[in-house]
1. In what sequence do SER278, SER78 fall when counting other Cβ within 10 Å, fewest first?
2. Run a plain Debye calculation on the range 1-148 (Cα atoms as equal point scatterers, no solvent) and give log10 I(q)/I(0) at q = 0.13, 0.21 Å⁻¹, rounded to two decimals, same order as the q list.
3. Taking every DSSP beta bridge with both residues inside the range 1-107, roughly what % is antiparallel (nearest 5)?
4. Can you classify the range 202-312 as rounded, prolate or oblate using the Cα gyration tensor, where a ≥ b ≥ c are the square roots of its eigenvalues, rounded means a/c under 1.5, and otherwise it's prolate if a/b beats b/c and oblate if not?
5. How many nm is it between the label spots at GLU244 and ASP281, if each spot is 7 Å from the Cα in line with the beta carbon?
6. Please state the relative contact order of the range 1-147 as a whole percent: Cα pairs under 8 Å, 6+ residues apart?
7. What percentages make up the Cα-Cα pair-distance distribution of the range 85-184 when the bins are 5 Å wide from 0?
8. For a quick protection proxy, order the peptides 287-294, 269-276 by their average other-Cβ count within 10 Å, most packed first.
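Read-outs: derived from the displayed coordinates by stated rules, not from any lab. Quick caveat, the model's predicted, so the values are computed rather than measured. Every residue, glycine as well, gets a Cβ built from its backbone with ideal geometry; the counts of neighbours run over all protein chains shown.
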Amino acid sequence: MPSVLVIGEALVDVVHGINGEIKNIPGGSPANTAVALARLGTKTYMKARTSTDKFGTEIRNYLTNQNVNLDYSLVVKSPSSVVNALIQKDGSAQYEANLRGAADYGWTFEELDQVIDPDIQIVQLGSLTSYIEPGATNVEEWFSQLRQSNKYLLTFDPNIRHPLDGENEVEVRSRAKKLASLSHVVKASDEDLNWIFSNNNPQDSAINIIESGASLVVVTLGKKGAFAVNKKLEIVEVTANEIEVIDTIGAGDTFAAALITQLLENSWINKNALDILSSDDLTEILTNCSAASAITCSREGANPPHRHEVSW
């Protein structure tokens, strides 16, 4: 069965609600994406470094209960990543953490360079694991080798959380650009692109990524909707669904999962297939991604929809 491998952090979000309530919720952008993929019916593996501590056990139990396969994950003695998510009045979240030395970011190349199940056709990378050393350099090298192998469709969500990553700003920008250029598909927010490229024109930034090597760039615009740019530099836009937003935690991760699921289900899993996607195809993809993401925004925390809750 065609499947997806997600690599990245699986952490605990300590969510501080606007009414003072506090909840510990397993999360992290890659873990949220993996759960969203599994709920949408995609066979999903996660490649994570999780801790032997209490949070690590909770994270592994949560992912396993959500049908995310952890065969490629490791259990190590370093502590779990813990992030404080402060919910704002508009439902958005601000994040605070000290992640140095956490389990998620200690990847060695030997740990990464495992034989991958032949059914895995898409590898998804994103967020803090892409930037935090000492593992980030090894992750980039491994991802580069995957691109050279031409065996997988590589997807990337930069999900910038600087200065949460604790790294040098220039180096984070440079690495985000490099990983985007190694990817076939990039899903990013307008805020990500504005920060990475130091400008306020996400369409220009998306075109820059296409010209650097990607075949498809999909950009979320919050309440304004989303747009996609293909290899022919055609731009397709959709508006956002009108909903009552509870919070936006996991919305972008759900959007990424809906995108990947559609690529897998329609066998758009190589560069040639991506290069000939029509405007109608892209409109349908974006519409479905937006609908799935809206469901997540309509409920508390990273709680993505199951397949029976979407109409595609």
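1. So the residues, fewest neighbours to most, are SER278, SER78.
2. So the normalised log intensities are -0.57, -1.35.
3. In the range 1-107, approximately 40 percent of DSSP beta bridges are antiparallel ones.
4. It is prolate, given that a/c is not under 1.5 and a/b is the larger ratio.
5. 3.9
6. The normalised contact order for the range 1-147 reaches 28 percent.
7. Final binned percentages: 2, 12, 21, 22, 18, 12, 7, 4, 1, 0.
8. 287-294, 269-276
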